[in-house]
Amino acid sequence: MTKLSRSFVRERELIIVDAEVVGPANTTNARLVLDTGAAATTLVPELIEDLGYTRRDSFKKAKVHTAVGEEKGYWLRVAEFSVLGVTTPNFAVTVFPVGHQNIDGLVGMNFLRHFNFEVRPAERRILVELIKR
Amino acid sequence: MDAAKQVAPNETEPLSWAEICARYPDQYVCLVDVEAVELGSPEIKTGRVVGCGPTRRAAFDPIRDLGAKYPRHSVRFTGVCTEPLIRPSLVIDDETLEILRS
């Protein structure tokens, strides 16, 4: 069984991990919050635009409730999405602003459910165990 | 001019993250040739600045059409954001559930 180890940054008690996102125009690294309470992975609109996507590439509208009300965004499949050493092609993300200059989105359970992981806060490391299917 | 040979007008030499923050305080920077502190870490050790500005879009604009020359980049904010994170709560219908399970 393959095991990986990655470091994270703790900022304002949030777990920040590095992501690599591939689009039609280029590849970008992103700072995402690891969020086991989020069903979907979210990326901010500006990052999606930088990758060469537009709203026309979306395949479904999405709606979220936030502290400031209801917000409309969309679903889009990015060519490739990698976090914690795990890569998924053609990965579905929601696109919404998160209102924070240092954060580009959230890694949610639609990505995290594909492997086992253990967060070791004191060591600032996440251990990943890949599962054979 | 061949797009692959074009270079961002203000590309710097490799700078440490501390140097980047000192030289471009409280703004967005677009970085290339980024070296992380360790593999897969969100912490940046060094990078070349190819764009900067008050918005993410402004920082990325100098290389927006230079994907062949700069196939990989990273946009970062050098200041500290004190705004609370908006944590969206997705409205999940049956169709959304199927996407989440795919």
Item to complete: Six or more apart or on different chains, Cβ under 7 Å: which pairs go from a residue in the stretch A:110-131 that's farther than 10 Å from A:L84 by Cα to one that's open to solvent by 60 Å² or more (accessible area, probe 1.4 Å) and outside any strand (DSSP E or B)? Could you list them?
Response: A:F115/A:I131; A:N116/A:I131; A:E129/A:M1; A:L130/A:M1; A:L130/A:T2
Worksheet item: If we scan the stretch A:121-129, do we find a residue that is open to solvent by less than 10 Å² (accessible area, probe 1.4 Å) and more than 19 Å from B:V75 (Cα to Cα)?
Response: yes
Worksheet item: Restricting the search to the stretch A:16-26, which residues are under 16 Å from the mean Cα position of the chain (by Cα) and either among the small types (G, A, S) or at pLDDT below 95 (or both)?
Response: A:A19, A:G23
Worksheet, complete the sentence: Selection from the stretch B:70-83 of residues more than 7 Å from every other protein chain (Cβ to nearest Cβ) and open to solvent by 90 Å² or more (accessible area, probe 1.4 Å) yields B:V80, B:T82
Item to complete: Please specify each residue of the stretch B:93-102 satisfying the condition of being surrounded by 14 or more Cβ atoms within 10 Å (Cβ to Cβ) and over 20 Å from A:L34 (Cβ atoms).
Response: B:T96, B:I99
Item to complete: Would you list the strands (runs of 3 or more DSSP E) that sit entirely within the stretch A:1-87 and hold 2 or more residues that are farther than 25 Å from B:A58 by Cβ and free of Cβ contacts under 8 Å to residues at least 40 places away in the same chain?
Response: A:60-66, A:69-83
Response to the item:
Only unsatisfied item for A:P97, checking (1) without any contact (Cβ under 8 Å) to a residue 12 or more places away in the chain; (2) assigned to a loop (DSSP other than H, G, I, E, B); (3) not small (G, A, S), is (1)
Worksheet item: With respect to the numbered conditions (1) touching a strand residue (DSSP E or B) at 6+ places or on another chain (Cβ under 9 Å); (2) in contact (Cβ under 8 Å) with a residue 40 or more places away in the chain; (3) more than 8 Å from every other protein chain (Cβ to nearest Cβ), which one is the sole condition not fulfilled by B:E35?
Response: (2)
Fill in: Hey, B:V50 farther than 17 Å from A:Q101 by Cα and of a type outside the set (G, A, S) or not
yes
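Table: residues versus (1) open to solvent by less than 70 Å² (accessible area, probe 1.4 Å); (2) touching a Lys or Arg at 6+ places or on another chain (Cβ under 6 Å); (3) modelled with pLDDT of 90 or more.
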{"residue": "B:D2", "(1), (2), (3)": "no, no, no"}
{"residue": "B:N10", "(1), (2), (3)": "no, no, no"}
{"residue": "B:E13", "(1), (2), (3)": "no, no, yes"}
{"residue": "B:A22", "(1), (2), (3)": "no, no, yes"}
{"residue": "B:D33", "(1), (2), (3)": "no, yes, yes"}
{"residue": "B:R57", "(1), (2), (3)": "no, no, yes"}
{"residue": "B:I86", "(1), (2), (3)": "yes, no, no"}
{"residue": "B:L90", "(1), (2), (3)": "yes, no, no"}
Fill in: Selected residue (criterion: surrounded by the fewest Cβ atoms within 10 Å (Cβ to Cβ)) from residues of the stretch A:39-49 that are in contact with a Leu (Cβ under 8 Å, 6 or more places away or on another chain) and within 7 Å of chain B (Cβ to nearest Cβ)
A:A39
Worksheet item: List pairs: first in the stretch B:39-55 and in contact (Cβ under 8 Å) with a residue 12 or more places away in the chain, second of a type in the set (V, I, T) and open to solvent by 70 Å² or more (accessible area, probe 1.4 Å), Cβ under 6 Å, 6+ apart or cross-chain?
Response: B:E43/B:V37; B:K45/B:V37
Discussion item. Please verify whether A:R10 is touching a Lys or Arg at 6+ places or on another chain (Cβ under 8 Å), modelled with pLDDT under 95 and more than 8 Å from chain B (Cβ to nearest Cβ), treating the condition exactly as stated.
Written reply: yes
Worksheet item: So is A:N29 within 7 Å of chain B (Cβ to nearest Cβ), polar (S, T, N, Q), under 17 Å from the mean Cα position of the chain (by Cα) and within 23 Å of B:L39 (Cα to Cα) or not?
Response: yes
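The values are calculated or read from the model by the stated rules, or taken from the named source; none is laboratory data. Everything numeric in this text was worked out from a predicted model, so none of it was measured. All Cβ positions, even for glycine, are placed from backbone atoms using ideal geometry, and neighbour counts span all protein chains on display. Only protein heavy atoms, including side chains, enter the accessible area calculation; ligands, DNA and RNA are left aside. Shrake-Rupley method; radii C 1.70, N 1.55, O 1.52, S 1.80 Å.
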